[in-house]
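Chemist: Structure provided below as structure tokens; questions to follow.
The values are calculated or read from the model by the stated rules, or taken from the named source; none is laboratory data. Predicted model only: the values in this text are computed from it and were never measured. Note that each Cβ is placed from the backbone with ideal geometry, even for glycine, and that neighbours are counted across all protein chains shown.
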Amino acid sequence: MPHRINGQVEVEMGYLFVKAEWGKGYASEAARACLRFAFHTLDVPRIVSLIDERHARSVNVATRAGMVKEKELLHRHRHVALYAIHQD
């Protein structure tokens, strides 16, 4: 979903699963599928995720999908890390 992050329009990928489903690989599988679709079908050049780094599982999903931490910022009154990946 495109929206303004830190003054720049970005396409953000987010994920949320009920706790009973954590650790089963669903988020990682969904993230990889979303990135493939965004890059190869929609031709989006860059995808970001805003992550509260206290949620280690969310960081793991992003990094397993190939995203890298670019910076920390304050977004909508929350301290988050911006992880990003660029189309090959």
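Chemist: Looking at region 11-21, which of its residues are surrounded by 10 or more Cβ atoms within 10 Å (Cβ to Cβ) and either farther than 14 Å from LEU35 by Cα or of a type in the set (A, V, I, L, M) (or both)?
Modeler: Passing the criteria: VAL11, MET13, PHE17, GLU21.
Chemist: If you take the residues in region 74-88 that are outside any strand (DSSP E or B) and farther than 15 Å from PRO45 by Cβ, which one is farthest from the chain's Cα centre (by Cα)?
Modeler: Among those that are outside any strand (DSSP E or B) and farther than 15 Å from PRO45 by Cβ, it is HIS77.
Chemist: When region 30-50 is examined, which residues are found to be touching a residue at least 24 places away in the same chain (Cβ under 8 Å) and among the hydrophobic types (A, V, I, L, M, F, W, C)?
Modeler: Residues satisfying the conditions are ALA31, LEU35, ALA38, PHE39, VAL44, ILE47, VAL48, LEU50.
Chemist: Right, next: Taking the condition of being in contact with a Pro (Cβ under 8 Å, 6 or more places away or on another chain) and free of Cβ contacts under 8 Å to residues at least 24 places away in the same chain, how many residues in region 1-28 meet it?
Modeler: Total meeting the criteria: 1.
Chemist: Okay, moving on. Would you mind telling me which numbered condition in (1) in contact (Cβ under 8 Å) with a residue 12 or more places away in the chain; (2) surrounded by 11 or more Cβ atoms within 10 Å (Cβ to Cβ) ARG78 fails?
Modeler: Answer for ARG78: the failing condition is (2).
Chemist: Here is a follow-up. What strands (runs of 3 or more DSSP E) lie completely within region 1-73 and have 1 or more residues being at pLDDT 95 or above, in contact with a His (Cβ under 9 Å, 6 or more places away or on another chain) and closer than 11 Å to ILE85 by Cα?
Modeler: 46-51
Chemist: Report every pair of residues separated by at least 6 positions or lying on different chains whose Cβ atoms are under 8 Å apart, first residue within region 51-70 and of a type in the set (Val, Ile, Thr), second in a helix (DSSP H, G or I).
Modeler: The qualifying pairs are ILE51/SER58; ILE51/VAL59; ILE51/ALA62; VAL61/ALA27; VAL61/SER28; VAL61/ALA31.
Chemist: Also: Could you please find all residues in region 23-80 being out of contact with any strand residue (DSSP E or B) (no Cβ under 9 Å at 6 or more places or on another chain) and of a type in the set (A, V, I, L, M)?
Modeler: Within region 23-80, ALA27, ALA30, ALA33, ALA56 qualify.
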